[in-house]
1. If I take R0 = 45 Å and measure r between the Cβ atoms of residue A:225 and residue B:109 in this structure, what FRET efficiency does the formula 1/(1 + (r/R0)^6) give, to the nearest 0.05?
2. Among B:92-100, A:37-45, A:154-162, how do they line up by average Cβ neighbours within 10 Å per residue, starting with the highest?
3. Residues with beta-carbon under 15 Å from that of residue A:267, excluding residue A:267: net charge, scoring Lys, Arg +1 and Asp, Glu -1?
4. Could you tell me which of B:339, A:129, B:187 has its Cα farthest along the dipole of the protein assembly as shown towards the positive end, charges placed at Cβ (Lys, Arg +1; Asp, Glu -1), taken about the Cα centre?
5. Normalising by the residue count of the range B:69-202, find the relative contact order in percent from Cα pairs under 8 Å and 6+ residues apart.
6. Can you tell me the order of B:144-155, B:114-125 when each peptide is scored by its average per-residue count of other Cβ atoms within 10 angstrom, highest first?
7. Roughly how many nanometres apart are two label points built 7 Å out from the Cα toward the Cβ at residue C:175 and residue C:265?
8. To the nearest 0.05, how large is the calculated FRET efficiency for residue C:62 and residue B:290 if R₀ is 30 Å and r is the Cβ-Cβ distance?
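What follows draws every value from the coordinates through simple rules; no lab data is involved. Model, not experiment: these values are computed from the prediction. Every residue, glycine among them, receives a Cβ derived from its backbone with ideal geometry; neighbour counts consider all protein chains shown.
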Amino acid sequence: MALVARAGSITRSPRGAARWWAKVAPYVFISPFYLLFLAFGLLPILFSLGVSLFNWQGVAQAQFTGLSNYGVLLTDPDFLTALGNTVIVWLGSTVPMVFLALAFAAVLNAQRLRLRGFFRTVYFLPVVTSLVVTGLIFSVLFDPSIGLVNDALHAVGIAPINFLSDPNWMKPTLIMALLWRWTGNDMVIMLAGLQSIPGDIYEAATVDGATGRQAFWRITVPLMRPIILFDFIISTIGAFNLFEEPYVLFGGSAGNIGGTQNAGLVTGTLIYQNSFVFFNFGYGAAIAWVVAFIIFVLSMLQLKLGNKPVD
Amino acid sequence: MRINRREFLQLTGAAAAGVALGPLAGCGSSGGGSSSASGTLTVWGFTGAIEGVQNQIKAFEKKYPKVNVKLRLFSYDDIHANLLSAILSGTGAPDLASIDDSRLASYVEGLAPMNAHLSQYQSQFVPPTISLSSYRGNFYGLVTDSEPMGMLYRKDLWDQYGLNADTIETWDDLAAASAKMQSASGGKVHLYALNDNDTAAYEILAVEQGFGGFYFDTQDRKVIVDQPAIIDAVTALKRLWDAPGVLQNPSGGYSGNAMTALLKKGTIATCIVSPGWYPQTLVQNMPEQAGKWRLTRVPAVTRGGRRAGYQYPTVFVVPNQSNMKSLAWELEVMGLTGVGARHLYAVDHVLPAWAPFFDELKAKPDPFFGGQKVVEVWNAIAHDCPPIAFGKGFLQAQSIVSTHLTDILTGKVTPAVGMKTAASELRSKLHLS
Amino acid sequence: MIGVNTAHRSLAARSWPARLLLYLGLCVFAAAFLAPFYWMIISALRPQSEFYQIPIPVIPSHLTLQDFVLLFQRSEFGRGLLNSAFLAFVSVVLQVFFSSLAGYTFAKLTFRGKDVLFTAMLATMMIPYMVTIIPNYIIMAHLGWIDTYWPLIIPGIANAFGIFWMRQYCQSIPSELLDAARIDGAGEFMIYWRVVVPLIQPALASLAIFVFLSTWNDFLNPLVFLRNQDLFTVQLWLAVVSHEGNVGQPAIVMAGSVLASIPVLLIFIFMQKRFVAGLTAGSIK
């Protein structure tokens, strides 16, 4: 940057150089992303867009098939099932998770709370616990014959439930697993966000006689809007790319990745299955691009809604 | 029943035990590289298949002191994806890799054909294993084990309730026996269990109907799942599913623990879908039932018809990228024949594919099966299998047919409609005719 | 600083039953979040023979480090830990720096084409990553970067998530502060470095946690790009150990999982101390 500035000063007065730099600086500051993206990110993305127009399976030569992958997709029962499941899991997990994370963060932000650091760390533990361990725990908890949850249900006279293979229970179980695993992660986002709220605003509110709850809804939530919006958008992208949890919970075999009657099939596992199990790259890429389009629309909607000025 | 070794390998990482046997004794070498060859030979493999080759590395390095063999273990899923990326990009592939036979067709353009060695090993490997690792006339490698499909049954339970395996010739006979078992045992014992997405059963029926591929023809050019003979087979499967006394969709599915628990309890008297490696899981999990089990051939679709099925072993392949192809082939031969093959058996207890060893086992009575010479039965089944090829779209076809089988078995659609829908879905997704 | 205390005076002011209820609630959640982690540690420390014992004992009868010893005998786990630590450290420094610089720029500076550039950057996050794995590998192969750390470090610097996060956080920075610095004659980079960076410590700390976590836990990229065992990361060694299929291997995997989680935990404990408000508030006064 010094170099750029000096180059400018040859022809301009120091004052002009500063003005010129102020104009150019924003582009310089954001350029690393775009340069690296052009070098490493763009090509793979264009490549996959191209692939979606081909019949390409395995190592064999690909043949151009135009939009036919997309045509097949629109009537593919697997794709429609995966899309429906993903929307349910997305709404079912994102909304409670954002709320819970914000509530946890608000409580764990209080300076007078005893063991604050301990609680924060413990709430973050699921993010750190390896997925293998998480999967084992879930099977121990939810197994129909030896699972602890069913033992408890049995004790109160409820018939055992196949949480991992009953189509009615698979999505709720997946949502529970996601809430358990990722709320701590979102809590970190919220905790950091809370620090951006100037303290004197609360001070003024307290003077005006606002209770803690009123302050939360009237000050914390509105001022945290950029952060909450961020969390929603990231969660949306995450939901449509969801892979690890449904794979571990339902994907016992590669050909049957969605579990019983595909009730646990989501777009992330469907793309994986087509690309890396079936090696049907063209079709996998077509699914990915339709999903990308859906994520884009949903994100832009959220940005529009979330950026509306307060009051 | 959903049983296949692929699933088993994914779930368990294989129940391998024990330390490397005494190695050494380089086996009959095929014209490989000269002993002055040098460099690094990279091998990729997964547990449950690699043990024979792993066992022979020392002997190989002794023979070629300047060659350093590097073995990398992957999970079953990872090896397939990694090998594919390496072949597609043109760099980074190993010299030797183990892959599932059912996926072979996806890689063939990037693999070195081993046709020159075919004549030497054709007779040394139990049929149809050579055909499994060939595609459109090229031969790509040797397999770790052989996996004919048979039927395992509890002779004590069959006897107790007045059933006789010798009288079961067709799947319809078996369905009738199921009703008999139900009334004789008062519903306590099910003759067999079946899942509503049971492609393993479907695949046996396809072989019995004369198809060398389960979903495509042996040249992998045509979808066959809507052929009249296949629709007949699926109709037979539907009757098998509808028979009284069938345990439909046992809780928790059929892979792993749930099935084992039911067999251990004696709730189910027969495994109608059992590949060659499967008895070992019974031996391990229910040693107390030793002597009570027997092996027989699967029933036929039509009286007097073929009674055989086949599943997918692991094949070792040499990528085109390798510049040590003949050395890689030699290591492959060492690992999958002779001492290597015996070691793999000692560790994994899979049914061998190397004929000399397989033949030795034929004469051996198996105490778990009441002294029955089970390998002789496996042998008969294997010899009845037509040449088999899986096709590039094998796994996708399996998945699609599985979904439509559910609709057929649960009565949503007729076999003809279900299989025709499956066929058109298959054709459109795979761009096939 | 004062502000924070006032903000949560309500907590201190609560009656003791309300506080008891609050702590009780916190403990219930804590138990649910802690239990699997605790089980992981216990399984790693218990004798292998008890691994599958059900119900899982809350307090094991006796503990042993045998599985940890076996882990280090069967793999170069120590080397893996060091490699991962190196990668994670480099990634954190580079990604946090470049993300915060760009994020701040998007939030607080005005320039032509900002909205379009920002939307384009967001859009890059939305392509499901799975379909880019193979083309990415092909590019790296052409660069001769297979079996090096470059593919694991360089593309990650373009972190859209990090920039987005920083942009959202930086929106809270009062523009008056930046204008004041500008009037004092500070250059644009100096404003970022001297004024903005101290203000956004909580955001930097949280991004550091996320980058460390994702680099440390990354399995796919090291798996695809690395060949030489000397370069293997901790997750690759964990996979190698878990695919060996030896007797007692599940307990050894547990031991590895415990060791693999400790550094992330330490980073979290260290970084969460920076979630302290008042810097923004303080500087307004």
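1. Details: r = 54 Å, r/R0 = 1.20.
For R0 = 45 Å, the calculated efficiency reads 0.25.
2. On the way: B:92-100: 26.1, A:37-45: 17.1, A:154-162: 11.4.
The peptides rank, most packed first, as B:92-100, A:37-45, A:154-162.
3. Numbers: positive: A:171; negative: A:76, A:78, A:244, A:245.
Counting the neighbours of residue A:267, the net charge comes to -3.
4. Most positive-ward Cα: A:129.
5. Values: 68 pairs, mean separation 16.4, N = 134.
Rounded, it is 12 percent for the range B:69-202.
6. Numbers: B:144-155: 25.4, B:114-125: 15.2.
Ranking the peptides B:144-155, B:114-125 by packing returns B:144-155, B:114-125.
7. For the pair residue C:175/residue C:265, the computed spacing is 4.7 nm.
8. Numbers: r = 35 Å, r/R0 = 1.17.
The computed FRET efficiency comes out at 0.30.
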